[in-house]
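The values are calculated or read from the model by the stated rules, or taken from the named source; none is laboratory data. Since we're looking at a predicted model, the values are computed, not measured. Positions of Cβ are generated from backbone atoms using ideal geometry, with glycine treated the same way; all protein chains shown enter the neighbour counts. To get the accessible areas, we keep the full protein, side chains included, count just its heavy atoms, and leave off ligands, DNA and RNA. Shrake-Rupley method; radii C 1.70, N 1.55, O 1.52, S 1.80 Å.
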Amino acid sequence: MNNDYRNYISKSIRSFYSRRLVSPLLFLLLLAAISFFFPIVNMMFPTAVTEGDSFAKLYDVRSQYIRLDLHQLYFTGYKKSILGFDIGYFYYTMYGDDCVVVLLRPKTCQQGLPEIEELNVIGQIIHNATSEQKLLSHLADDLSWTSEGIHNIMSSYMLSEPAGNGIRINLLRLFIELAVLYSVVCILLDLLYIIRPDFSPAIRKLAPYGNPKKILAVAEEELLTLPQLATEDMFITEHFFIETSGYGVAVVPIQKIIWIYKYSTLHKFLWHHFSISYTLYITGEKRQYIKCPKNTKTNIDGIMDYLAEANHNILVGFSEENRKAVEEIQGDFVLIRKLMAFLSKRI
């Protein structure tokens, strides 16, 4: 009995999912670090404000993305376009004691309504925006005012709805939401598999052959007491083939294997050939597939010879004949054939 193999499969599963925890955790930590320099949280959850909060104050406390109610907005007659597409219409309104410029999406203002009595809007506060400076210059010319005079009247902070609630910013929000959700789900699942290895996909895949938890217990016991062939990351016991590599963990009953073959990969950079690695492919009953990559030819040949000897029904080697035989065994085209036969009768 080799105590090094005690609960070896479960330990390998825990080790595999412990490594997988690193990526989603790093992503969340990186996102948290970026949040110190950019208002990501505020972008995801715009601040609800009232007229008592000036744009200057909100901008200073990094609450550039806001949701608020505006009243009595008047169209300036100017709009903002990029590459011939209208992305916004400029309005002005009183917000508290300030006269501010508001850039609204075409859909929000119905392509430039002369006046909007009331509006709830999500937007981004922008300070000294270039588009606002150009707008004020045009308005000064229209009103025969000086540029200095109109700048004294208008706030240097404007509100842009396209920047705070446009297609690009909403796509960015959606991407961050999905990425965070995906990371959290991955972390929770990885933790579950670390705590309960028998819940991991590698073990749940054994369900077609019986109770996965009991099969795992038997495989653990055989690996501890009766290992019959072992390489660096592949093992054969009396009844099981077991893989515990950095690419994952797999367990399959030898009597349920129907096809094995190897595939070689040449590793090279530019014109220099570095090495050849071999991948073992195993097909089990009930459409179970196992891939054991980056092994040596000697190890894979030894595994294949032993499996073929342990189960004489296993098809060995890749060939068109074996591929078709596996399709027949697994009934891959049974449903299609039944459908074709049914359609033929109907016709």
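Table: residues versus (1) in contact with a helix residue (DSSP H, G or I) (Cβ under 8 Å, 6 or more places away or on another chain); (2) free of Cβ contacts under 8 Å to residues at least 24 places away in the same chain; (3) in a helix (DSSP H, G or I); (4) surrounded by 13 or more Cβ atoms within 10 Å (Cβ to Cβ).
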site	(1), (2), (3), (4)
Gln110	no, yes, no, no
Asn120	no, no, no, no
His138	no, no, yes, yes
Asn152	no, yes, yes, no
Ile169	yes, no, yes, yes
Ile187	yes, no, yes, yes
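Is it the case, given these coordinates, that Tyr193 is aromatic (Phe, Trp, Tyr) and at pLDDT below 95? So that I can check it myself, show each step before the final result.
Details: aromatic (Phe, Trp, Tyr): yes; at pLDDT below 95: no.
Here the answer is no, as Tyr193 does not meet what is asked.
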Review point. For residues in region 293-318 being hydroxyl-bearing (Ser, Thr, Tyr) and assigned to a helix (DSSP H, G or I), which is most open to solvent (accessible area, probe 1.4 Å)?
Key: Thr298
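Mind telling me which of the residues Leu103, Leu58 ends up being outside any loop (DSSP other than H, G, I, E, B), of a type outside the set (D, E, K, R), at negative phi and modelled with pLDDT under 90? Spell out the reasoning first.
Numbers: Leu103 fails: modelled with pLDDT under 90.
Residue meeting the stated conditions: Leu58.
Yes/no per residue for (1) within 30 Å of Leu21 (Cβ to Cβ); (2) at pLDDT below 85; (3) of a type in the set (Lys, Arg); (4) open to solvent by 20 Å² or more (accessible area, probe 1.4 Å):
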{"position": "Leu223", "(1), (2), (3), (4)": "yes, no, no, no"}
{"position": "Phe241", "(1), (2), (3), (4)": "yes, no, no, no"}
{"position": "Val251", "(1), (2), (3), (4)": "yes, no, no, no"}
{"position": "Lys256", "(1), (2), (3), (4)": "no, no, yes, yes"}
{"position": "Tyr261", "(1), (2), (3), (4)": "no, no, no, yes"}
{"position": "Ser277", "(1), (2), (3), (4)": "yes, yes, no, no"}
**Study point:** Close pairs (8 angstrom Cβ cut-off, 6 or more residues apart or separate chains): charged (D, E, K, R) in region 76-93, open to solvent by 70 Å² or more (accessible area, probe 1.4 Å) and not in a strand (DSSP E or B) anywhere
**Key:** Asp86/Gln111
